[in-house]
Amino acid sequence: MRKDTEPWWRQAEADITSAELMLQGGQWYAASWFAQQSAEKALKALHIEQTGRLARRSHDLEQLGQLVGAPPSVDVGLTLLNPAFDQSRYPDNYGVPPVDAVTALDASSHVEAARRIVGWVKQSL
């Protein structure tokens, strides 16, 4: 693993652990947030490993997946998890905050998708 890949990968692993802890603790919005962040940082780590450069600044998981050549099985998770960046961070257009908007089912789905994405990246590094 490249030296500059390692910090991104370590943070991706820490974020998936945080997502799992938040899920266990019933903090659904936080579980979704950390799940999205874990996937994003894992994809950015893989991009660094593949190219030697940091991907351009983006939170778009589908776009990052394309950059690193994610297979269709991973793309499904990227599509599911992509909206979590905004959903778990900001109140929606109706003023509903993430703490009220993200459900247990949302969070569970997001964490599971992130686990699959991070697992694929780990095999690809």
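Cross-link partners among aspartates and glutamates for residue 3, C-alpha distance below 18 Å, same-chain residues fewer than 8 apart left out?
Those aspartates and glutamates meeting the cut-off are 13, 49.
Give the order of 44, 3, 122 when sorted by the count of other beta carbons within 10 angstrom, beginning with the fewest. Before the final figure, lay out each step's value.
Details: 44 23, 3 7, 122 14.
Neighbour counts put them in this order, fewest first: 3, 122, 44.
Using per-residue counts of other Cβ atoms within 10 Å, averaged over each peptide, order 4-16, 108-120, 46-58, 90-102 from highest down.
Numbers: 4-16: 17.8, 108-120: 21.6, 46-58: 15.1, 90-102: 12.3.
Final packing ranking: 108-120, 4-16, 46-58, 90-102.
Which log10 I(q)/I(0) values, to two decimals, does the stretch 11-63 give at q = 0.31 Å⁻¹ under the Debye formula with one point per Cα?
-1.09
Counting Lys and Arg as +1 and Asp and Glu as -1, each charge on the Cβ, what is the dipole of the chain about the Cα centre in debye, to the nearest 20? Display every interim value, and only then the final one.
Values: 12 positive and 15 negative charges, 109 e Å.
Roughly 520 debye for the chain.
Over the chain, calculate the relative contact order: mean separation of alpha carbon pairs under 8 Å at least 6 apart, over the residue count, as a percent. Walk me through the intermediate numbers first.
Numbers: 184 pairs, mean separation 41.9, N = 125.
Reported as a whole number, the value is 34 percent.
For the chain, how big is Rg over Rh, using alpha carbon atoms and the Kirkwood form of Rh?
Result for the chain is an Rg/Rh of 0.98.
So for the chain, taking the charge dipole from beta-carbon charges (+1 Lys/Arg, -1 Asp/Glu), which of 94, 24, 5 sits furthest toward the positive end?
Among 94, 24, 5, the one farthest towards the positive end of the dipole of the chain is 5.
Here, each number is a calculation from the coordinates, and none is a lab measurement. No experiment lies behind these values; they were computed from the predicted model shown. Neighbour counts run over all protein chains shown; Cβ positions are idealised from the backbone, glycine included.
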